[in-house]
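Comments concern the structure below.
The values are calculated or read from the model by the stated rules, or taken from the named source; none is laboratory data. Quick caveat: nothing in here was measured; it's all calculated off a predicted structure. Reconstructed Cβ throughout: ideal geometry from the backbone, glycine too, with neighbour counts over all protein chains shown. Protein only, heavy atoms only, side chains kept; ligands, DNA and RNA dropped before computing areas. Shrake-Rupley method; radii C 1.70, N 1.55, O 1.52, S 1.80 Å.
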Amino acid sequence: MSSRAPRPHRIAAVLAALAVAGAMSGCDQAETVPSQEKEGVAAGVNLELGMLEAENLLIISTAEGEPGRLLGTLYANTEDAITVTFADDDEEITIELEGGIGPIQEDDPAGYDLQEQEHLFSTTADRPGGRAPVEITTDGATESVTIPVLDGSLERYEPFVPE
């Protein structure tokens, strides 16, 4: 009884056939995946809490422990005014929102833009590139989130660096 070692060209042919079969099955699978609606890319956190809808929340700072400016857009999904509080470890930012500035609609994107008025934390809990823990409260509902801290030394964020 003799055993023959498989010939290299046969091994190569089997491997090539497996590679082609794998590639073809990947193409077939890609066609069956349903397309999904894409949302805009943003650096910040989005949140729905009670009647509050917040988009792209982020903090601009130059270093950990330095002042940080809160940015993003807030929407009140009610006709009544609501109070929103952002609290970190040592302070709070309170914002009064008029009612009726939401929900977000493509033809009426009005909201409270935090870039229009300065809302500052006197110290930032994490360095740029990190995430700062913040508790958001409105109408008795509270949620803890970690908001990205972006580097105020970058040209696009320099206008928002707290002075």
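Dipole size in debye (nearest 20) for segment 50-163 around its Cα centre, Lys and Arg Cβ +1, Asp and Glu Cβ -1? Each step should come with its number before you reach the end.
Values: 4 positive and 27 negative charges, 76 e Å.
So the magnitude is around 360 debye.
Take the Cα of GLU163, go 7 Å toward its beta carbon, and none of the backbone nitrogen atoms of segment 57-98 fall under 13 Å from that spot.
Could you please report the charge total around ILE82, scoring K, R as +1 and D, E as -1 over all other residues with beta-carbon less than 10 angstrom from its beta-carbon?
Cβ neighbours under 10 Å give a net charge of -4.
With each label modelled as a point 7 angstrom along the Cα→C-beta vector, the ASN77-GLN117 pair spans 2.3 nm.
Take VAL161, VAL149 and sort them by solvent-accessible surface of the protein heavy atoms, 1.4 Å probe, largest at the top. Don't jump to the answer; show the numbers that get you there.
On the way: VAL161 35, VAL149 0 Å².
Highest to lowest solvent-accessible surface, that is VAL161, VAL149.
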